[in-house]
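**Student:** Following this message is one structure expressed as structure tokens.
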Amino acid sequence: MTNLINIIIEPGKVFTHIKEKDDWWIPFILIVVVALLVTWISTPVIARITAQKLAEMGIDRELPKGLGLLRYIIIPVGTLISWFLISVIFWMISNGFGGDWNFIKALDLYAYSSVVGVIKSIITVIILLIRGPQNIISIRDLSVDTGLTLFFKPESTRLYVLASGIDIFQIWIYVLLAFGISELAGTSRKKASIVAIITFIITLAFKVLLTREGSF
């Protein structure tokens, strides 16, 4: 459990731990629990905002009751799928750059690196509680600006996703990936950094492409 803290303050110890043991499920549980907590707190706000938007469109009906439950199911499943896909991407690219390690080690690395995102989730909950749910008027208000959206807020949904994706916590995660890839795959720091940057660009591009314009 100390590795969940060490990845933030002493990541080198975590890289050594990953060499010896595969336990990606530990950070997975932490991140899913935190995400479920954030969802539980924000669900009433999301339901209210969605109902208001439907009313503005002339649609007067309640949201399906199963929709709330679906959110809680999507979180662990979606997290696991995205972790596997991202880990496959940088594992394959790193091996193409001369790395020598197995996929599970890549998954371990991404899982522990993702713990950094918990800090942003905690900040989000605190700010949401300080603002008060009644003062949240849009879906965008539910997120904390720690990326380029701190300086400007594009009207386009896709541009907003792009700007918000260039985020201090995401950069932190990918810096950890770069150091971890170098340590675990045996590549140079330069090659590991290139792998991390390519992976970051690919994942951000997918987020933008999968975003429906005007979805929030």
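The values are calculated or read from the model by the stated rules, or taken from the named source; none is laboratory data. As the structure is a prediction and not an experimental result, all values here were calculated from the model. Counting neighbours? That spans all protein chains shown, and the Cβs are built from the backbone with ideal geometry, glycine included.
**Student:** Return yes or no: is Ala163 modelled with pLDDT of 95 or more, surrounded by 12 or more Cβ atoms within 10 Å (Cβ to Cβ), in contact with a helix residue (DSSP H, G or I) (Cβ under 9 Å, 6 or more places away or on another chain) and not hydroxyl-bearing (Ser, Thr, Tyr)?
**Tutor:** It is false that Ala163 is modelled with pLDDT of 95 or more, surrounded by 12 or more Cβ atoms within 10 Å (Cβ to Cβ), in contact with a helix residue (DSSP H, G or I) (Cβ under 9 Å, 6 or more places away or on another chain) and not hydroxyl-bearing (Ser, Thr, Tyr).
**Student:** Related question: Of the residues that make up segment 95-103, is at least one of a type outside the set (Asp, Glu), assigned to a helix (DSSP H, G or I) and touching a residue at least 40 places away in the same chain (Cβ under 8 Å)? Give the steps one after another, and end with the answer.
**Tutor:** We begin by selecting, within segment 95-103, every residue of a type outside the set (Asp, Glu); these are 95-99, 101-103.
Filter once more, keeping what is assigned to a helix (DSSP H, G or I): 95-96, 103.
Those left that are additionally touching a residue at least 40 places away in the same chain (Cβ under 8 Å): 95.
Among the residues of segment 95-103, at least one is of a type outside the set (Asp, Glu), assigned to a helix (DSSP H, G or I) and touching a residue at least 40 places away in the same chain (Cβ under 8 Å), which makes the answer yes.
**Student:** With respect to Gly180, determine if the residue is touching a strand residue (DSSP E or B) at 6+ places or on another chain (Cβ under 7 Å) and small (Gly, Ala, Ser).
**Tutor:** Numbers: touching a strand residue (DSSP E or B) at 6+ places or on another chain (Cβ under 7 Å): no; small (Gly, Ala, Ser): yes.
No, not satisfied.
**Student:** Right, another one. (1) part of a helix (DSSP H, G or I); (2) more than 21 Å from Ile89 (Cβ to Cβ): which one isn't true of Tyr174, the others all being true?
**Tutor:** Unmet for Tyr174, out of (1) part of a helix (DSSP H, G or I); (2) more than 21 Å from Ile89 (Cβ to Cβ): (2).
**Student:** Sort out which residues of segment 177-216 are part of a helix (DSSP H, G or I), of a type in the set (S, T, N, Q) and touching a residue at least 40 places away in the same chain (Cβ under 8 Å), and write them in order of number.
**Tutor:** Across segment 177-216, the qualifying residues are Thr199, Thr203.
Conditions (1) touching a strand residue (DSSP E or B) at 6+ places or on another chain (Cβ under 9 Å); (2) within 18 Å of Leu36 (Cα to Cα); (3) not small (Gly, Ala, Ser), marked per residue:
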| site | (1), (2), (3) |
| --- | --- |
| Ile126 | no, yes, yes |
| Gly132 | no, no, no |
| Ser143 | no, yes, no |
| Leu148 | yes, no, yes |
| Phe151 | no, no, yes |
| Ser156 | no, no, no |
| Ile168 | yes, no, yes |
| Trp172 | no, no, yes |
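**Student:** Just one of the numbered conditions (1) surrounded by fewer than 18 Cβ atoms within 10 Å (Cβ to Cβ); (2) of a type in the set (A, V, I, L, M, F, W, C); (3) in contact with a Leu (Cβ under 9 Å, 6 or more places away or on another chain); (4) not in a helix (DSSP H, G or I) is not true of Phe152; which one?
**Tutor:** Exception for Phe152: condition (3).
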